[in-house]
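J.: Okay, handing you the structure first.
The values are calculated or read from the model by the stated rules, or taken from the named source; none is laboratory data. All of these numbers come straight from a predicted model, not from anything done at the bench. We place every Cβ from the backbone using ideal geometry, glycine too, and count neighbours over all the protein chains shown.
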Amino acid sequence: MLRVLIVIDRVGLEDYELFGFKIIRSAKQQFSIPENDPDFTDDVDLFNYGYIDSIGAVELTGFVERQFGVVFADADWINFPLSSVREISMFVAKRIKEEL
């Protein structure tokens, strides 16, 4: 939890929340996730719960790269947890702040 608060402080709470909101909105549209799906939260594992597969990961990665101007290296998928909206938002925040 402390790690989350530190990044939010450096990037700005409104920026961090905006990252998550945009990722959720895009994922719901792109992968036909119902608006009222109670399991689809910031912390749900997108892969283990079947929201996206490897092709979906490529599509979501492209969206994040275009939307936020960050670039994912192949090694990022191994070195960083990127399975949930929160984890992806944290990654984006750190990459923008050039901490990664």
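J.: Kindly establish whether D37 is surrounded by 10 or more Cβ atoms within 10 Å (Cβ to Cβ) and either assigned to a loop (DSSP other than H, G, I, E, B) or more than 13 Å from the chain's Cα centre (by Cα) (or both).
T.: Working: surrounded by 10 or more Cβ atoms within 10 Å (Cβ to Cβ): yes; either assigned to a loop (DSSP other than H, G, I, E, B) or more than 13 Å from the chain's Cα centre (by Cα) (or both): yes.
Here the answer is yes, as D37 does meet what is asked.
J.: Continuing with the same structure: Within the range 45-59, is there a residue that is assigned to a helix (DSSP H, G or I) and in contact (Cβ under 8 Å) with a residue 60 or more places away in the chain? Let's see the steps before the verdict.
T.: Our first condition is that a residue be assigned to a helix (DSSP H, G or I); within the range 45-59, this holds for 54-59.
With the extra rule that they be in contact (Cβ under 8 Å) with a residue 60 or more places away in the chain, the set shrinks to none.
Within the range 45-59, not a single residue is assigned to a helix (DSSP H, G or I) and in contact (Cβ under 8 Å) with a residue 60 or more places away in the chain.
J.: Please work out which one of (1) within 10 Å of the chain's Cα centre (by Cα); (2) modelled with pLDDT of 95 or more is the condition E87 fails and give its number.
T.: (2)
J.: Look through the range 55-100, keep the residues that are of a type in the set (F, W, Y) and surrounded by fewer than 18 Cβ atoms within 10 Å (Cβ to Cβ), and return whichever of them is nearest to E17 (Cα to Cα). Explain how you work it out, then say what you get.
T.: Here is the first cut: in the range 55-100, the residues of a type in the set (F, W, Y) are 63, 68, 72, 77, 80, 91.
Restricting the remaining residues to those that are surrounded by fewer than 18 Cβ atoms within 10 Å (Cβ to Cβ) gives 63, 77, 80.
Details: F63: 17, W77: 22, F80: 20 Å.
The selected residue is F63.
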